[in-house]
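Enquirer: Please read through the structure below; I'll follow up with questions.
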DNA sequence: ACCTGAACACCGTTCAAGT
DNA sequence: ACCTGAACACCGTTCAAGT
């Protein structure tokens with residue numbers, strides 16, 4: 001492996017070995033492959049074959065790296081806008097599905113992304129047009145559109161949090177609901193116990209896709225009231 | 001300050017200076033007061049006037065401390081169950097409000113709590129009875145009850161994530177929506193731009209309480225369809 | 001301006017030794 | 001079993017020095 005110029009000193013113009021973008025892309029690869037805890041400034045520098053301190057010329061600190069990653073994930077997000085060729089509720093659902101899928105593309109980053117107010121605020125501005133357009137077509141008033149969009153986003157965020165948190169964890173960490181309920185003291189939660197038993201093991205095998213669709217349908221019905 | 005026995009060696013029975021519970025309570029105080037990053041094993045030991053390594057006799061590692069904190073927060077959670085004296089939708093809303101308030105009690109811990117699958121799974125079992133009872137009274141089938149409860153929980157989680165993330169941050173981090181939208185290129189997001197402009201600065205002053213209520217109403221209407 | 005090396009003030013955790 | 005002290009293998013970041 002040729003060691004192309006890890007001498008110190010300022011590189012000539014156009015020969016910079018780093019850039020904010022290159023650093024963030026390398027960071028994203030680490031996080032995607034090994035999780036958020038694997039991302040350290042030193043590790044990041046090593047994969048870029050650079051001194052750890054060099055990073056600080058492009059990003060002020062580690063928090064900025066994480067914020068930049070949230071930005072990257074949302075920048076990749078492109079909600080489809082089928083225009084008015086489909087009913088408003090399908091338009092809304094499609095946009096919601098695309099948003100969920102965008103978050104799933106980098107599950108190890110979801111927590112970071114969803115808890116970064118600046119990133120979330122920005123994504124609302126950049127990608128929410130299909131949401132607003134669909135809700136407008138549904139005939140809602142401006143205030144209702146605003147609140148409906150927020151409610152839908154909150155649902156997707158909460159859903160994605162659950163969906164991405166479970167991934168990669170051992171199943172011991174998400175113990176079987178049926179067994180847990182049956183271990184409850186008698187009559188501690190009678191309705192829950194009855195419902196869970198009626199559903200049985202098969203009915204409780206949670207499927208994320210159908211859970212998401214169920215939530216979407218409920219919300220659309222609620223908006224349409 | 002008297003230094004009561006920081007000699008080494010095993011304490012006599014009943015004179016143990018530590019316990020899992022005491023450690024977790026001390027950790028909770030640190031996190032509540034100074035945020036999750038302030039919690040280190042060394043810092044935690046210092047506030048307990050104990051050697052850092054002593055903690056490891058009660059909790060296997062730092063991850064176990066964080067998991068224990070999530071457990072604590074949810075253990076405090078007590079959803080009111082007014083029984084059948086109120087309509088089912090009020091019963092459901094009240095339980096949802098109580099759940100939200102439980103998460104707000106420790107905002108610095110919300111992220112940790114919501115992303116801990118074991119803790120979330122456990123809270124569902126222990127506190128969701130009012131949700132299930134209300135939805136049962138609404139006349140939903142078991143499968144619908146299960147999915148409705150999940151949808152409601154996801155909404156509350158997503159909402160709480162937004163609510164607690166913004167807290168304590170400088171407002172620069174959640175830039176003004178109106179200004180952001182107006183900075184967009186012409187016709188990038190026409191509907192969004194129109195709606196936001198119609199609402200104006202006052203209409204956009206987001207109020208978490210009314211946002212939560214709006215989401216609850218939408219969901220209840222959707223469940224009742 | 002951009003990269004480097006040494007250094008500072010921390011981390012979580014292992015291990016051997018005390019009682 | 002429970003607590004301690006020293007040590008290991010890390011962190012993020014500051015600072016002075018190179019070009």
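Enquirer: Here is a check on your reading of the model: is residue B:133 surrounded by fewer than 17 Cβ atoms within 10 Å (Cβ to Cβ) and touching a residue at least 40 places away in the same chain (Cβ under 8 Å)?
Expert: no
Enquirer: Another question about this same structure. For residue A:78, only one of the following conditions fails: (1) closer than 25 Å to residue A:210 by Cα; (2) touching a helix residue (DSSP H, G or I) at 6+ places or on another chain (Cβ under 7 Å); (3) in contact (Cβ under 8 Å) with a residue 40 or more places away in the chain. What is its number?
Expert: (2)
Enquirer: Further question on the same structure: Taking interchain pairs and intrachain pairs at least six residues apart, which have beta carbon atoms under 6 angstrom, with the first residue in region A:85-105 and in the same structural domain as residue A:163 (by TED's automatic domain parsing) and the second modelled with pLDDT of 95 or more and not in a helix (DSSP H, G or I)?
Expert: A:88/A:138
Enquirer: Identify the residue in region B:174-193 that is within 8 Å of chain A (Cβ to nearest Cβ) and part of a helix (DSSP H, G or I) and, among all such residues, is surrounded by the most Cβ atoms within 10 Å (Cβ to Cβ).
Expert: Of everything passing the filter in region B:174-193, B:192 is surrounded by the most Cβ atoms within 10 Å (Cβ to Cβ).
Enquirer: Is it the case that residue A:168 is modelled with pLDDT under 90, within 17 Å of the chain's Cα centre (by Cα) and surrounded by fewer than 15 Cβ atoms within 10 Å (Cβ to Cβ)?
Expert: Yes; evaluated as a whole, the condition is true for this residue.
Enquirer: Going by the conditions given, is residue B:118 surrounded by fewer than 19 Cβ atoms within 10 Å (Cβ to Cβ), touching a residue at least 12 places away in the same chain (Cβ under 8 Å) and either part of a helix (DSSP H, G or I) or not assigned by TED's automatic domain parsing to the domain that holds residue B:35 (or both)?
Expert: Judged against the criteria, residue B:118 is a match.
Enquirer: Let me ask something else about it. Mind counting the residues in region A:57-88 that are away from every other protein chain (no Cβ under 12 Å), more than 16 Å from DNA strand C (Cβ to nearest atom), modelled with pLDDT of 95 or more and in a helix (DSSP H, G or I)? Can you show your working first?
Expert: Initially, region A:57-88 is screened for residues away from every other protein chain (no Cβ under 12 Å), giving A:57-61, A:64-66, A:68-69, A:71-78, A:80, A:82, A:85-87.
Right, trim to more than 16 Å from DNA strand C (Cβ to nearest atom) and you get A:66, A:69, A:71-78, A:80, A:82, A:85-87.
Next, from what is left, pick out any that are modelled with pLDDT of 95 or more: A:66, A:69, A:86-87.
With in a helix (DSSP H, G or I) added as a condition, the list becomes A:66, A:69.
Of the residues in that region, 2 qualify.
Enquirer: Given the conditions (1) surrounded by fewer than 18 Cβ atoms within 10 Å (Cβ to Cβ); (2) at the interface with chain B (Cβ under 7 Å from one of its Cβ atoms), and given that residue A:217 satisfies all but one, which numbered condition is not satisfied?
Expert: (2)
Enquirer: Please list, ordered by first then second residue, the pairs with beta carbon atoms under 9 Å, 6 or more apart or interchain, first in region B:28-42 and under 22 Å from residue B:54 (Cβ atoms) and outside the structural domain of residue B:104 (by TED's automatic domain parsing), second more than 8 Å from DNA strand C (Cβ to nearest atom) and in a loop (DSSP other than H, G, I, E, B).
Expert: What qualifies is B:28/B:106; B:31/B:106.
Enquirer: Which one is nearest to the other protein chains (Cβ to nearest Cβ), of the residues in region B:43-54 that are near DNA strand C (Cβ under 8 Å from one of its atoms) and over 26 Å from the mean Cα position of the chain (by Cα)?
Expert: So the residue we want is B:52.
Enquirer: Taking the conditions exactly as written (more than 14 Å from DNA strand D (Cβ to nearest atom) and assigned to a helix (DSSP H, G or I)), does residue B:29 satisfy them or not?
Expert: Here the answer is yes, as residue B:29 does meet what is asked.
Enquirer: Another question about this same structure. Is it true that some residue in region A:109-125 is more than 13 Å from the chain's Cα centre (by Cα), more than 16 Å from residue B:199 (Cβ to Cβ) and more than 7 Å from every other protein chain (Cβ to nearest Cβ)?
Expert: Looking through region A:109-125, at least one residue is more than 13 Å from the chain's Cα centre (by Cα), more than 16 Å from residue B:199 (Cβ to Cβ) and more than 7 Å from every other protein chain (Cβ to nearest Cβ).
Enquirer: Could you tell me which numbered condition residue A:8 fails, if it satisfies all but one of (1) modelled with pLDDT of 95 or more; (2) within 16 Å of DNA strand D (Cβ to nearest atom)?
Expert: Of everything listed in (1) modelled with pLDDT of 95 or more; (2) within 16 Å of DNA strand D (Cβ to nearest atom), residue A:8 misses just condition (1).
Enquirer: Let me ask another. On the basis of being under 22 Å from the mean Cα position of the chain (by Cα), more than 9 Å from DNA strand D (Cβ to nearest atom) and more than 30 Å from residue A:63 (Cβ to Cβ), does residue B:21 make the cut?
Expert: Numbers: under 22 Å from the mean Cα position of the chain (by Cα): yes; more than 9 Å from DNA strand D (Cβ to nearest atom): yes; more than 30 Å from residue A:63 (Cβ to Cβ): yes.
The answer is yes for residue B:21.
The values are calculated or read from the model by the stated rules, or taken from the named source; none is laboratory data. Because the structure is a prediction, the values reported are computed rather than measured. Ideal geometry is used to build each Cβ from the backbone, glycine not excepted, and the neighbour counts take in all protein chains shown.
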